[in-house]
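Participant: Before I ask anything, let me first share the structure, which is written out below as structure tokens.
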There are 2 protein chains.
Amino acid sequence: MSPRRVPVSRRDRPAKPPLSRDGVMSVALRVMREEGLERVTMRRLAAELDTGPASLYVYVDNLAEMHAALLDALIADLPLPSGDDAGCWREDVIGLLDAYTRILMGHPGLARSALVLRPSGPHYLRLVDAVLGLLHAGGIPVRQAAWGVDLLLQHATATAAEQGTRDGSADADGEVRQQVSAVRDADPGDHPHLHRARDELFSGTGEQRARWAFSTLLDGLAAGRGGD
Amino acid sequence: MSPRRVPVSRRDRPAKPPLSRDGVMSVALRVMREEGLERVTMRRLAAELDTGPASLYVYVDNLAEMHAALLDALIADLPLPSGDDAGCWREDVIGLLDAYTRILMGHPGLARSALVLRPSGPHYLRLVDAVLGLLHAGGIPVRQAAWGVDLLLQHATATAAEQGTRDGSADADGEVRQQVSAVRDADPGDHPHLHRARDELFSGTGEQRARWAFSTLLDGLAAGRGGD
DNA sequence: ACCTGAACACCGTTCAAGT
DNA sequence: ACCTGAACACCGTTCAAGT
């Protein structure tokens with residue numbers, strides 16, 4: 001209809017847009033959301049971008065660096081607490097860490113990468129700053145807070161890596177059942193403490209245990225004897 | 001010299017011993033100790049045992065199950081605290097978890113597997129029982145102890161997975177340096193709390209931080225408000 | 001039952017060569 | 001500088017066929 005037509009490439013296939021870091025990353029994000037991180041391979045992204053895998057190495061150092069960038073992109077969606085409402089700092093930390101855990105739980109493979117990655121993206125730094133701010137508002141001394149933020153974020157990441165819904169290795173809950181029955185079948189004489197705690201070891205929902213864990217970590221930070 | 005000779009196989013190559021679960025596992029352990037977990041592949045073990053990879057599936061479910069067995073074999077070397085010396089339970093827990101962390105740090109890849117694995121081997125159960133016993137000796141209530149042992153062991157595993165000496169992805173300390181400089185270069189106006197804590201975020205040795213973390217977790221368990 | 005060869009369906013990364 | 005095809009050096013797992 002319009003008199004000006006977009007020039008069409010030879011042989012009337014749609015023009016192949018030039019490669020770029022953003023282009024690679026946005027395809028990576030889409031494939032991750034639609035099919036999971038395990039499908040985000042150099043070869044798959046290359047095919048999606050109509051080129052060979054070697055071409056991606058102009059825009060991406062390697063797979064690990066790309067995972068770090070994907071993690072940062074996910075963190076961008078995290079709603080950070082607004083100002084410094086000192087009253088409910090405790091609920092705010094737990095809520096924030098809970099939200100972070102939930103985001104990672106959608107991509108357990110990425111959580112597993114994040115454990116090894118030492119993320120340093122801009123959104124990750126914002127997250128660390130926000131947690132530090134809340135701990136400060138709660139009156140937790142700076143060294144406790146500095147070391148504590150690592151502990152809190154590590155727990156979130158490890159928990160997400162552990163859960164591994166559908167992603168990960170075949171039947172995750174097959175392993176859980178095996179662990180449950182191993183504990184139940186253990187000789188009570190050889191494992192008296194295991195036997196005493198057997199009903200509590202697997203009690204509670206994931207949600208309850210996550211909030212308990214964050215709460216317990218905050219208690220430990222507030223107690224602040226640490227180190228000795 | 002001896003009149004009785006061991007029968008020699010045809011063509012005088014050493015007789016190929018029959019395959020067995022123990023044989024597979026002991027080769028796996030040796031390769032892991034000598035060359036790292038990343039070399040423990042089905043194909044490599046098969047070559048070492050002079051057969052094809054398919055043959056191993058008679059004795060091993062899959063790679064994940066073999067990793068679980070390797071982890072349990074490592075835990076067997078862990079010296080568990082002797083009796084119930086209630087006086088120094090705190091030091092005993094920290095020492096035990098420290099030893100566990102150290103064992104896993106030698107095999108970061110295995111630590112990474114262990115995070116997803118829900119181990120249920122006999123030696124792992126002994127370890128859980130020992131930790132529960134020490135927490136009990138310290139007067140920590142059974143539910144706190146039951147949920148706490150997960151938290152403590154998860155921290156040990158995640159820390160070992162994080163450290164990743166030489167194993168793992170290329171240059172681990174390259175990533176650390178990048179994280180350090182990202183924190184140092186972050187805009188102080190945008191990241192006031194990060195800026196305030198910047199010198200403490202990377203302070204301390206791995207050893208100091210590990211002991212601090214375990215200590216802080218125990219403080220949290222002892223405080224015992226958890227859950228709300 | 002145990003063992004095997006061969007195949008299936010993939011990987012990340014490098015590198016010489018082109019434009 | 002950017003892009004490519006082809007290669008290098010591997011993976012875990014399955015399966016039909018043999019013994």
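Participant: Against the conditions (1) away from chain B (no Cβ under 11 Å); (2) closer than 21 Å to B:His193 by Cβ; (3) buried (at least 24 other Cβ atoms within 10 Å of the Cβ), where does A:Leu134 fall short? Just the number, please.
Facilitator: Result: A:Leu134 fails condition (1) only.
Participant: Now a separate question. Can you find a residue that is among the polar types (S, T, N, Q) and within 16 Å of DNA strand D (Cβ to nearest atom) anywhere in segment A:159-174?
Facilitator: Yes, segment A:159-174 contains at least one residue that is among the polar types (S, T, N, Q) and within 16 Å of DNA strand D (Cβ to nearest atom).
Participant: Continuing with the same structure: For a quick check of your reading of the model, give me the residue pairs whose first member lies in segment A:92-112 and is in the same structural domain as A:Met32 (by TED's automatic domain parsing), whose second is small (Gly, Ala, Ser), with beta-carbon atoms closer than 7 Å and at least 6 apart or on different chains.
Facilitator: none
Participant: Return the residues of segment A:22-58 that are exposed (fewer than 14 other Cβ atoms within 10 Å of the Cβ) and small (Gly, Ala, Ser); say none if nothing qualifies.
Facilitator: Scanning segment A:22-58 gives A:Ser26, A:Ala47, A:Gly52, A:Ala54.
Participant: If the requirement is being open to solvent by 70 Å² or more (accessible area, probe 1.4 Å), modelled with pLDDT under 95 and within 16 Å of DNA strand C (Cβ to nearest atom), which of these qualifies: B:Asp84, B:Asp61?
Facilitator: Among B:Asp84, B:Asp61, only B:Asp61 is open to solvent by 70 Å² or more (accessible area, probe 1.4 Å), modelled with pLDDT under 95 and within 16 Å of DNA strand C (Cβ to nearest atom).
Participant: Also, quick follow-up: Taking segment B:22-48 only, how many residues are within 16 Å of DNA strand C (Cβ to nearest atom) and without any contact (Cβ under 8 Å) to a residue 24 or more places away in the chain?
Facilitator: The qualifying residues number 12.
Participant: A further question follows. Being modelled with pLDDT of 95 or more, within 20 Å of A:Leu134 (Cβ to Cβ) and in a loop (DSSP other than H, G, I, E, B), is that true of even one residue in segment B:191-199?
Facilitator: yes
Participant: Follow-up question, since we're still on this one. Limited to segment B:116-147, what total is found for residues that are at pLDDT 95 or above and among the hydroxyl-bearing types (Ser, Thr, Tyr)?
Facilitator: 1
Participant: Restricting the search to segment B:188-228, which residues are more than 7 Å from chain A (Cβ to nearest Cβ) and basic (Lys, Arg)?
Facilitator: B:Arg198, the sole residue that qualifies.
Participant: Condition test on B:Leu63, is it within 13 Å of DNA strand D (Cβ to nearest atom), in contact with a Ser or Thr (Cβ under 9 Å, 6 or more places away or on another chain) and within 14 Å of chain A (Cβ to nearest Cβ)?
Facilitator: yes
Participant: Tally the residues that are within 14 Å of chain A (Cβ to nearest Cβ), crowded, with 20+ Cβ neighbours inside 10 Å and of a type outside the set (S, T, N, Q), restricting the search to segment B:98-108.
Facilitator: 4
Participant: Going through segment B:172-181 one residue at a time, which ones are crowded, with 17+ Cβ neighbours inside 10 Å and either modelled with pLDDT of 85 or more or outside the structural domain of B:Pro108 (by TED's automatic domain parsing) (or both)?
Facilitator: Answer for segment B:172-181, where residues must be crowded, with 17+ Cβ neighbours inside 10 Å and either modelled with pLDDT of 85 or more or outside the structural domain of B:Pro108 (by TED's automatic domain parsing) (or both): just B:Gln179.
Participant: Given (1) within 30 Å of B:His107 (Cα to Cα); (2) within 16 Å of DNA strand D (Cβ to nearest atom); (3) in contact with a Pro (Cβ under 8 Å, 6 or more places away or on another chain), where does A:Ala46 come up short, assuming only one miss?
Facilitator: Only one criterion is unmet by A:Ala46, namely (1).
Participant: Additional query: I'd like the full set of residues that are more than 8 Å from every other protein chain (Cβ to nearest Cβ) and surrounded by 21 or more Cβ atoms within 10 Å (Cβ to Cβ), limited to segment B:110-126.
Facilitator: Correct list: B:Leu110, B:Ala111, B:Ser113, B:Ala114, B:Tyr124.
The values are calculated or read from the model by the stated rules, or taken from the named source; none is laboratory data. Owing to the predicted nature of the structure, the values given are computational and were not obtained by experimental measurement. In this analysis, Cβ positions are derived from the backbone assuming ideal geometry, glycine residues included, and neighbour counts consider all displayed protein chains. To get the accessible areas, we keep the full protein, side chains included, count just its heavy atoms, and leave off ligands, DNA and RNA. Shrake-Rupley method; radii C 1.70, N 1.55, O 1.52, S 1.80 Å.
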